[in-house]
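The values are calculated or read from the model by the stated rules, or taken from the named source; none is laboratory data. Quick caveat: nothing in here was measured; it's all calculated off a predicted structure. Cβ atoms come from the backbone with ideal geometry, glycine included; neighbour counts cover every protein chain shown. Remember, those area values only see protein heavy atoms, side chains included, never the ligands or the DNA or RNA. Shrake-Rupley method; radii C 1.70, N 1.55, O 1.52, S 1.80 Å.
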Amino acid sequence: MTKNALITGITGQDGSYLAELLLEKGYKVFGLRRRTSVPILENIEHIKNEIEFIDGDLLDQGSLIQAVRVSNPDEVYNLAAQSFVGTSWIQPVLTGQSTGIGVTNMLEAVRLTRPEARFYQASSSEMFGKVVETPQKETTPFYPRSPYGVAKLYGHWITVNYRESFDMFACSGILFNHESPRRGVEFVTRKVTDAVARIKLGLQNELRMGNLDAKRDWGFAGDYVKAMWLMLQQDKPDDFVISTGETHTVEELVEIAFGHAGLNWREYVVIDPKFVRPAEVDLLLGDCTKAKDKLGWKLEVGFEELIKMMVDADLKRLR
Ligand code: NAP
Ligand code: G4F
């Protein structure tokens with residue numbers, strides 16, 4: 001029988017890859033979309049006719065209840081959030097409301113309308129923040145370093161709490177950074193690959209950046225949405241770390257991206273204090289042994305391949 005899935009954040013990077021995956025698997029896909037003055041459909045242009053859109057916003061409880069009612073989902077993937085860490089210092093209240101309380105709004109909509117639906121929450125390695133253990137795994141204590149990280153931690157624990165309080169099939173995926181050609185241009189990987197393509201094509205002459213020493217565990221978004229789906233296919237709900245198990249500096253990322261276009265990054269990159277954060281997450285490195293063992297999840301795209309794929313996609317788009 002056809003399964004119904006409701007995805008919040010369908011217009012975002014992960015929402016688009018997850019929608020593709022679920023459509024391939026034969027699901028009927030419903031996407032919660034908020035009203036914008038002009039439609040933002042770039043990531044899902046190619047599949048938009050296969051998705052049933054429902055208007056709503058994480059901040060509007062009634063619209064979420066209606067979305068669950070209309071979609072009658074077997075699975076709910078809560079991917080919507082104010083997801084950019086930098087903005088969370090400029091809009092900390094909005095970030096708390098959408099990235100934190102928005103999770104409760106969505107869980108309540110499911111609990112009141114279709115409590116048997118399986119629920120996925122998009123938790124984040126940002127919750128580890130000023131890490132107390134390396135590598136980070138499911139049992140590592142949290143120490144968030146931004147309003148975004150704090151809001152995600154609330155979303156994580158409320159998901160665990162609804163599982164324990166109401167016996168809901170609610171899972172939290174603690175995903176480390178994952179990227180793709182569909183990544184928003186303010187995030188560091190895409191900011192770099194977009195700039196490399198512009199510099200190569202003579203459309204830009206410098207790239208202003210923040211802290212090049214920060215280390216991240218970067219994977220490919222297309223691989224990570226498979227883990228989301230796998231979590232909801234298990235016998236019991238649980239939480240999982242999803243990561244590559246490798247960490248790289250922002251400088252390494254810059255070097256690979258410029259090098260792939262035949263450019264020397266030192267001639268173009270300028271450090272600008274505007275992009276240095278009030279509190280930094282210096283190092284993220286995940287241990288996803290549990291996901292490998294219990295979900296059978298595996299990584300397909302490595303770091304260097306990912307960055308080259310993004311540079312190539314930006315060159316193609318801009319040409
Ligand atoms: P993204 O590209 O920024 O997408 C965010 C989505 O949320 C967009 O569709 C956006 O809609 C929607 N949204 C924002 N506020 C909303 C609201 N109030 N009501 C309804 N929809 C709203 O993020 P992503 O990279 O796909 O990440 C997906 C989720 O995973 C996010 O929760 C993120 O925090 C989390 N996460 C991401 C990573 C990563 O490395 N990518 C790692 C760990 C966790 P508009 O198009 O209208 O703006
Ligand atoms: O690409 P970023 O903005 O990602 P960040 O802060 O790690 O957050 C992303 O990953 C999280 C998972 O760990 C998600 F939950 C979250 O939603 C988001 O997807 O920055 C990565 C690193 C930071 O250390 C930052 O300080 O790059 C450093 N950086 C250096 N220069 C820069 C820049 N980041 C940005 N965005 N822009 C710069 O110019």
Notebook entry, point to check: For the stretch 121-146, what are the residues that are under 26 Å from Val225 (Cβ atoms) and without any contact (Cβ under 8 Å) to a residue 60 or more places away in the chain?
Noted result: Gln121, Ser124, Met127, Thr139, Thr140, Phe142, Pro144
Next item on the list: Looking only at the stretch 115-131, decide whether some residue is in contact with a Phe, Trp or Tyr (Cβ under 6 Å, 6 or more places away or on another chain), more than 16 Å from Leu232 (Cβ to Cβ), open to solvent by 40 Å² or more (accessible area, probe 1.4 Å) and at pLDDT 95 or above.
Entry: yes
Margin query: Can you confirm whether Val241 is touching a residue at least 24 places away in the same chain (Cβ under 8 Å) and in a strand (DSSP E or B)?
Written below: yes
Next item on the list: Go through the stretch 48-73 residue by residue and tally those that are open to solvent by 50 Å² or more (accessible area, probe 1.4 Å) and either among the polar types (S, T, N, Q) or in contact (Cβ under 8 Å) with a residue 60 or more places away in the chain (or both).
Entry: 4
Next item on the list: Taking only the stretch 1-24 into account, find how many residues are small (Gly, Ala, Ser) and either within 16 Å of ligand 2 (Cβ to nearest atom) or on the phi > 0 side of the Ramachandran plot (or both).
Entry: 4
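Looking only at the stretch 198-212, filter to residues that are over 23 Å from Ser83 (Cβ atoms) and of a type outside the set (S, T, N, Q); which one of those is nearest to ligand 1 (Cβ to nearest atom)?
Quick first cut of the stretch 198-212, residues over 23 Å from Ser83 (Cβ atoms) only: 198-206.
Next, from what is left, pick out any that are of a type outside the set (S, T, N, Q): 198-203, 206.
Values: Arg198: 21, Ile199: 24, Lys200: 25, Leu201: 25, Gly202: 29, Leu203: 24, Glu206: 26 Å.
Ranking the candidates gives Arg198 first.
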Item checked: Answer from Val281, Val270 - the residue that is assigned to a strand (DSSP E or B) and within 29 Å of Lys130 (Cβ to Cβ) -> Val270
Notebook entry, point to check: Do you know which of the residues in the stretch 170-186 that are in a strand (DSSP E or B) and closer than 20 Å to Val196 by Cβ is farthest from the chain's Cα centre (by Cα)?
Noted result: Glu179
Next item on the list: Hey, can you tell me all the residues within the stretch 211-238 that are closer than 13 Å to Leu299 by Cβ and part of a strand (DSSP E or B)?
Entry: Gly219, Phe220
Item checked: Residues that are touching a strand residue (DSSP E or B) at 6+ places or on another chain (Cβ under 9 Å), in a helix (DSSP H, G or I) and farther than 19 Å from Lys290 by Cα, drawn from the stretch 112-148 -> Tyr148
Item checked: Which listed residue, of Tyr27, Tyr120, is aromatic (Phe, Trp, Tyr) and within 16 Å of ligand 2 (Cβ to nearest atom) -> Tyr120
Next item on the list: Find the residue count for the stretch 149-169, including only residues that are open to solvent by 20 Å² or more (accessible area, probe 1.4 Å) and not in a helix (DSSP H, G or I).
Entry: 2
Next item on the list: Kindly indicate whether any position in the stretch 251-273 is within 19 Å of Met310 (Cα to Cα), hydroxyl-bearing (Ser, Thr, Tyr) and touching a residue at least 60 places away in the same chain (Cβ under 8 Å).
Entry: yes
Checklist line | Condition met for Ile40 (away from ligand 2 (no atom under 16 Å from the Cβ), open to solvent by less than 30 Å² (accessible area, probe 1.4 Å) and β-branched (Val, Ile, Thr)) | finding: no
Notebook entry, point to check: What is the one condition in (1) out of contact with any Ser or Thr (no Cβ under 8 Å at 6 or more places or on another chain); (2) assigned to a helix (DSSP H, G or I); (3) within 16 Å of ligand 2 (Cβ to nearest atom) that Thr95 does not satisfy?
Noted result: (1)
Check: Mind checking which residues of the stretch 200-243 are touching a strand residue (DSSP E or B) at 6+ places or on another chain (Cβ under 8 Å) and open to solvent by 60 Å² or more (accessible area, probe 1.4 Å)?
Finding: Glu206, Arg208, Asp213, Lys215
